[in-house]
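Every read-out reported here was derived from the displayed coordinates using simple, explicitly stated rules and does not represent laboratory data. Because the structure is predicted, anything quoted here is derived from the model rather than measured. A quick note on method: Cβ atoms are made from the backbone with ideal geometry, for glycine too, and the neighbour counts reach across all protein chains shown.
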Amino acid sequence: MTEELVCPICREQGDILIDIGCPAKHSFHSACIAAWLTIKFSCPMCRQNLSIKIETSNVFMAYLEVKYAGFTGSTYYEETKQIFNNLTQKAQAECIIKDYRLFTLLQENQKTLDLCILVVKGRGQMLKYVPEELKSEELCRLALDQTQYAFEFIPDQLKTPMMCFKAVSKVPSFLRFCVPKKIITSEFLISLLCNDVDFLDFLPEELKTLKVYQLLASKNMTIFYRLPQNVRNELVRI
Ligand SMILES: [Zn+2]
Ligand SMILES: [Zn+2]
């Protein structure tokens, strides 16, 4: 990068020229080269195919900027995926730090543990795109520290009662869909109750029994008044 060079595309000096990584080190304005790269992903001077050469994220990010200007969706075209998959690991990581969505463009076998850690640390929901075999308890915790919405992407066998408790405390609807059944014990429900978590509407179907209702109502009378009339009648009779 030097300001004395002339950009071969617009023939002008000034601004910073980016080295696109071809062996001859041809450099361009990012806006100038980006437009070209959306047509052909090679150096316009020496025609070097850039797919497997690129070491820096600048070129790819410039390409994305032009190609998807104003595009806010989360799916990219096949061609973009291919180009991204051919970047060096270092360049991919740089790109992903700039835009976490790019992690979804990687093939499963390209998702290294280091990269997964980096991504979930930055954006917990990205746990969704981490390959199952790389989801460790530690990684899941990292994601959960970021946001409770990572909870639904944690494999059941890694969910601890404490994790579940924290998640349901913040999002009670998790109780119905995301907490492993074996974790929902009487003690678990009572501890939620004692912490004023309003989970009654999200009790899993199989737990809507008189026995459970009786237990809950015995700990907290206001629950009793929220039960259906027929359940209340039953409980009174017991
Ligand atoms: Zn230029
Ligand atoms: Zn070149």
Study note, to complete from the structure: Taking every C-alpha to C-alpha distance in the chain and binning by 5 Å from 0, the per-bin percentages run 1, 6, 12, 12, 11, 9, 8, 7, 6, 6, 5, 5, 4, 3, 2, 1, 1, 0, 0
Check your understanding: Per residue, how much space in cubic angstrom lies within the convex hull of the C-alpha atoms of the range 70-153?
Key -> 98 Å³
Check your understanding: For the chain, what is the charge dipole size about the Cα centre, in debye to the nearest 20, if Lys and Arg each add +1 at the Cβ and Asp and Glu each add -1 at the Cβ?
Key -> 740 debye
Check your understanding: For residue 75 and residue 108, what is the calculated FRET efficiency with R₀ set at 22 Å and r taken between the beta-carbons, to the nearest 0.05?
Key -> 0.80
Check your understanding: P(r) for the range 159-238: what percent of alpha-carbon pairs falls in each 10 Å bin, starting at zero?
Key -> 18, 54, 24, 4
Check your understanding: How far apart, in nm, are the 7 Å Cα→Cβ label points at residue 176 and residue 89?
Key -> 4.4 nm
